[in-house]
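What follows is one structure encoded as structure tokens, with my remarks underneath.
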Amino acid sequence: MKNKLALVMIGVLMATSLTACKGSSNKAAEADSASAASASSEDNSASTLAIFKDVDKLETISLNDISPEDYVELGEYKGITVELAPATVTDEQVEEYIKNLSMSSPLMTEITDRAVESGDVVNIDFEGKYADSGEAFDGGTAQGYDLEIGSGNFIPGFEDGVIGMALEESKDINLKFPDDYAAANLAGKDVIFTVKVNKISQKSTDITDEWAKSLAITDVSDLEGLRKSVRDNLQQTADSDYETELREQLINNLVDNSKFKEIPEKLFNRYLIEQRDMVNTYMNSYYMYTGQKTTDADLVAILMQNEGVTGEPEDFIKDLVNKNANKFVALAAVAKKEGIEITDDAVEKYLKDMYGDGSNTAFSTYESFREKVDPEVCREGLMAEEVMKILMDSANVIEPVEK
């Protein structure tokens, strides 16, 4: 369970940016996230961590209610030198991607003139029954199932029994489930699988124009087109990773070069609630991914494990909240120094653009959507994005020195 949980959390963390409200290209995703976060917060209100209990009753203020310069002394934040390798894609990376693609999505040739052989991919219907009663058992029946012969996906003997079958042939395969089979109702049981072969296909991992065209990728009709498409996609990923790393280094520099004072308790409460909501979002994502429920204590334990942190979960949460609050206080101080102001009209416009016509959200009206969104979260996000533009535009990015 913990491995799956860690994977889900990594995915969510990768999708989470410094800004709470991002660019307009992510409108649909943001609206869905707002809906999911709201539902998650309601569904998981019974927190198991003491620090999250009754947090909605706490008094809060926003960054807009303080003078950020009272709580941070900024260091130098313009013209910062950052070592970062350029976002390049090599021919070797393109060819490796194409090789992997040929293995995961091979060209399939339909076979009509011979029986099933090892290595073929067969489309079958099958029904599994207990040998003694003839009763079908749960999970033993499927229609139109694609099976690679030799993959070992079925119990021993099943795939061997399909070898030699002809197209459209049906037959019974007598088997016995292993004694240590996970399902107790099937372990050691004699069963009969009635199998029909609907289609026989042979896969080829040859990298050809025909295979490239069979992938049905837009504007790809041959290998040359596929290489271009792959390179473009890899470059987009490389560019995104480059920008993410640049942002991370610049914000870390901003925080490391600044001196902070303790923030007001009501502002801490605000970021504590946001942290609780983020944990609930993780919980919701885990449930959607696995169909299993988990607790906020489990999630925090995994976060601590991933970061190599020991100690009390409440102390870990407090540290996260303070670090996040300090980031936004520093950003707000830069924004004030640079004359950046996010007006109510700008926030409202952003929210209306995010909602659009509502077709990509869980809300039937803009008003119901608006009620679920904290405008100050978006104000802070828009402010942070404007500050990051200043930091990025003034950064002195150099390539790392080879050792």
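The values are calculated or read from the model by the stated rules, or taken from the named source; none is laboratory data. Being a predicted model, the structure only gives us computed values, none of them experimental. Please note: Cβ atoms are built from the backbone with ideal geometry, for glycine as well, and neighbour counts cover all protein chains shown.
At least 3 residues being farther than 28 Å from N322 by Cβ is the threshold, and among the strands (runs of 3 or more DSSP E) wholly inside region 54-170 those reaching it are 107-111, 121-130, 136-148.
Scanning region 171-191 for residues that are surrounded by fewer than 15 Cβ atoms within 10 Å (Cβ to Cβ) and in a strand (DSSP E or B) yields K171, D172, N174, D190. For first residues located in region 76-103 and in contact (Cβ under 8 Å) with a residue 40 or more places away in the chain and more than 18 Å from R247 (Cβ to Cβ), partners that are among the β-branched types (V, I, T) and not in a helix (DSSP H, G or I) and lie 6+ apart or on another chain with Cβ distances below 8 Å form the pairs I98/I207; K99/I207; S102/T205; S102/I207; M103/T205. The residue pairs whose first member lies in region 264-287 and is free of Cβ contacts under 8 Å to residues at least 40 places away in the same chain and acidic (D, E), whose second member is in a loop (DSSP other than H, G, I, E, B) and surrounded by 22 or more Cβ atoms within 10 Å (Cβ to Cβ), and whose beta carbons are closer than 8 Å, counting only pairs six or more residues apart or on different chains, do not exist in this structure. If you check L246 against the conditions, is it part of a helix (DSSP H, G or I), closer than 30 Å to I149 by Cβ and in contact (Cβ under 8 Å) with a residue 60 or more places away in the chain? No.
Results for (1) closer than 25 Å to S368 by Cα; (2) exposed (fewer than 14 other Cβ atoms within 10 Å of the Cβ); (3) of a type in the set (K, R); (4) modelled with pLDDT under 95, shown as yes or no for each residue.
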{"site": "S24", "(1), (2), (3), (4)": "yes, yes, no, yes"}
{"site": "S33", "(1), (2), (3), (4)": "yes, no, no, yes"}
{"site": "A37", "(1), (2), (3), (4)": "yes, no, no, yes"}
{"site": "S40", "(1), (2), (3), (4)": "yes, no, no, yes"}
{"site": "S45", "(1), (2), (3), (4)": "yes, yes, no, yes"}
{"site": "Y71", "(1), (2), (3), (4)": "no, no, no, no"}
{"site": "D91", "(1), (2), (3), (4)": "no, yes, no, no"}
{"site": "L107", "(1), (2), (3), (4)": "no, no, no, yes"}
{"site": "G119", "(1), (2), (3), (4)": "no, yes, no, yes"}
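Total residues in region 276-285 satisfying the condition of being surrounded by fewer than 21 Cβ atoms within 10 Å (Cβ to Cβ) and either touching a Leu at 6+ places or on another chain (Cβ under 6 Å) or at pLDDT 95 or above (or both): the figure is 0.
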